[in-house]
Amino acid sequence: MAISITLLENDIASLKKPLEIEMEKPIVHFSKELLKIRTGRAHVSLVDSLPVAVHGQAPKPLRAVATISAPEARLLVIQPWDISTIGDIEKAIKLSDLGVMPINDGKIVRITLPEMSSQRRTELVKILDKKLEEARVGVRNIRKDFHNIIRDAKKDKEISENFFSRLSDTLENVTAQFIKKVEELAKKKEQEITAI
């Protein structure tokens, strides 16, 4: 990822604005990943991006080959646009890490989500922790890229030593804010998972 910014002496915003835009990206991605982690209720986001290999072609997200609905708290209904793809959809669900068995009646696929056991809740918290760490790494990688930009600007004498220090402090503060955002999202999701 090549980030290109122009640092202006004594203009903190020349770093802060592009930094916040870049750091928002892992937050958005993490938020989408959180939707895929099951809580007590059925939600189409649990399956809508599951990769489905239809007729031997490259996998497409499930939402591209079927209509998905959650008519009840623990039920997902998947209606393929082309009935001949129903087996491929069923296979994709079985291969996923959802831990459910789809029921195929020849026209639609139903997924009844079981009551979550304490063991499954523990597994989901582990998945959440893994995704949380990936989001933290994403934010830290952006911090590293921006640190390299300001370090190079100092080395090339585009900015003063004093301004470099101010930019470094801003970089650390913004990074800490975004790490905190990610951790708050994860904490909220963990409470949803562990609530009975």
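Condition check ((1) crowded, with 16+ Cβ neighbours inside 10 Å; (2) in a helix (DSSP H, G or I)) across all residues:
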site: Gly138; (1), (2): yes, yes
site: Asn148; (1), (2): no, yes
site: Arg151; (1), (2): no, yes
site: Lys154; (1), (2): yes, yes
site: Ile159; (1), (2): yes, no
site: Phe164; (1), (2): yes, yes
site: Ile179; (1), (2): yes, yes
site: Leu185; (1), (2): yes, yes
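Being at positive phi and at pLDDT below 85: is that true of His43 here? Here the answer is no, as His43 does not meet what is asked.
Name the residues in segment 75-93 that are surrounded by 13 or more Cβ atoms within 10 Å (Cβ to Cβ) and either of a type in the set (Ser, Thr, Tyr) or touching a Ser or Thr at 6+ places or on another chain (Cβ under 6 Å) (or both), would you?
Going through segment 75-93, the residues surrounded by 13 or more Cβ atoms within 10 Å (Cβ to Cβ) turn out to be 75-80, 85-93.
Passing the criteria: Leu75, Val77, Gln79, Thr85.
Scanning segment 160-196 for residues that are touching a residue at least 40 places away in the same chain (Cβ under 8 Å) and of a type in the set (D, E, K, R) returns Arg166, Lys181, Glu183, Lys189, Glu190, Glu192.
Of the strands (runs of 3 or more DSSP E) entirely within segment 31-134, those holding at least 1 residues that are without any contact (Cβ under 8 Å) to a residue 12 or more places away in the chain, of a type outside the set (Lys, Arg) and over 25 Å from Glu190 (Cβ atoms) occupy 66-72.
The values are calculated or read from the model by the stated rules, or taken from the named source; none is laboratory data. If you're wondering where the values come from, they're calculated on a predicted model, not measured in any experiment. Reconstructed Cβ throughout: ideal geometry from the backbone, glycine too, with neighbour counts over all protein chains shown.
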